[in-house]
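Everything below concerns the one structure shown next.
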Amino acid sequence: MSDDVKSLSGELARDPQSLVFLRLGELLRQRRQFDTATRVALHGLERHAHLADAHDLYARILADRHDYEHAFDEWDMTLRIAPHHTGALKGLAFLYFKVGDLTQAEAHLQAAHRIAPDDPTIGQAFAVIRGEAGLSGEVPAEALPTAESLAPIPEPRVFAGLEGAQEGLLLLDGAGMVLGGALKTADGDDVTETVAAYLAGVSHEATRTARLLGLGDWRGLSAEGQSGHVHVGQPTTESMLLVMRDRSVPLGRLSLLAQRAAQAARRWLERQR
């Protein structure tokens with residue numbers, strides 16, 4: 001154990017309420033000692049549940065461990081507590097960049113820039129988004145990912161590695177044929193084919209309604225239910241994606257999940273050509 005870690009750990013042991021856990025957790029995160037960093041962060045959150053920096057610390061550890069869904073929750077909570085927290089804004093920009101939503105990524109960076117115009121990491125992140133800098137350069141982890149983390153999904157299955165791949169995600173082709181994923185009820189009944197049959201009609205009505213209202217091409221639909229939420233989108237013009245989660249998953253996180261799944265679906269579809 002290094003002297004810095006030992007000193008900070010000793011200070012925290014003497015005073016469990018101390019905010020020194022923030023420095024200790026960050027130091028452990030930078031050294032990629034993620035298990036210990038997680039324990040320190042959770043220790044702090046138990047005692048300081050309404051401290052924005054504590055949620056931000058835990059989110060950065062989760063992001064480093066590629067647990068992006070829970071990192072989103074933590075950064076979302078950070079902003080609920082402290083709406084002008086630049087670390088959380090940059091963190092969410094990172095997550096939106098990961099799923100290919102450059103509009104949202106840039107919007108969050110712009111918000112961070114208004115709060116901290118002299119932060120150099122924000123300018124570097126803008127450069128990556130706008131293609132003004134190579135991804136192989138040094139980009140802070142709190143802003144945007146490196147080129148290595150942008151590698152295509154190698155698994156042959158459509159949603160391999162995504163949460164709920166076998167019971168909460170469904171990909172269809174233009175004719176309504178199931179290409180990947182599955183849907184089950186709370187009782188475990190498989191309703192994949194039944195839902196697939198209805199989705200073709202949903203796509204048709206959404207397209208017709210959007211055109212009648214002059215809204216252009218539709219991109220997604222979200223609905224809240226008594227037992228859960230669903231999001232329907234089009235990864236490509238000839239496919240449809242449905243994402244289903246229970247009510248504990250907020251719509252913001254559901255949208256992020258849908259974008260990640262759509263990105264995986266597009267990559268898979270491209271490999272099938």
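Here are a few things to note about the model shown:
- Within the range 36-64, the set of residues being under 13 Å from the mean Cα position of the chain (by Cα) and either at pLDDT 95 or above or more than 14 Å from LEU24 (Cα to Cα) (or both) comprises ALA59, LEU62, ALA63, ASP64.
- Test result for THR121, modelled with pLDDT under 65, closer than 28 Å to ARG31 by Cα, among the hydroxyl-bearing types (Ser, Thr, Tyr) and not assigned by TED's automatic domain parsing to the domain that holds SER227: no
- The lone criterion from (1) in a helix (DSSP H, G or I); (2) farther than 29 Å from LEU12 by Cβ left unmet by GLY100 is number (1).
- Among the residues making up the range 232-250, a single one is basic (Lys, Arg) and in contact (Cβ under 8 Å) with a residue 40 or more places away in the chain: ARG245.
- The one condition in (1) surrounded by fewer than 11 Cβ atoms within 10 Å (Cβ to Cβ); (2) modelled with pLDDT of 80 or more that ALA261 fails to fulfil: (1)
- Lone unmet requirement of (1) modelled with pLDDT of 85 or more; (2) closer than 26 Å to THR38 by Cα; (3) touching a helix residue (DSSP H, G or I) at 6+ places or on another chain (Cβ under 7 Å) for ASP67: (3)
- Selection from the range 239-262 of residues that are of a type outside the set (Gly, Ala, Ser), over 11 Å from the mean Cα position of the chain (by Cα) and closer than 14 Å to GLY220 by Cα: MET240, LEU241, LEU242, VAL243, MET244, LEU251
- From the list PRO235, PRO250, the lone residue that is farther than 22 Å from ASP76 by Cα and of a type outside the set (Gly, Ala, Ser) is PRO235.
- On the stretch given as the range 202-222, residues that are under 21 Å from ALA265 (Cα atoms) and of a type outside the set (Lys, Arg) total 10.
- Annotation for the range 20-34: no member residue is closer than 28 Å to ALA262 by Cβ and among the small types (Gly, Ala, Ser).
The values are calculated or read from the model by the stated rules, or taken from the named source; none is laboratory data. Nothing here was measured: the structure is a model prediction, and the numbers come from that model. Here Cβ is always computed from backbone atoms with ideal geometry, including for glycine, and neighbour counts include all displayed protein chains.
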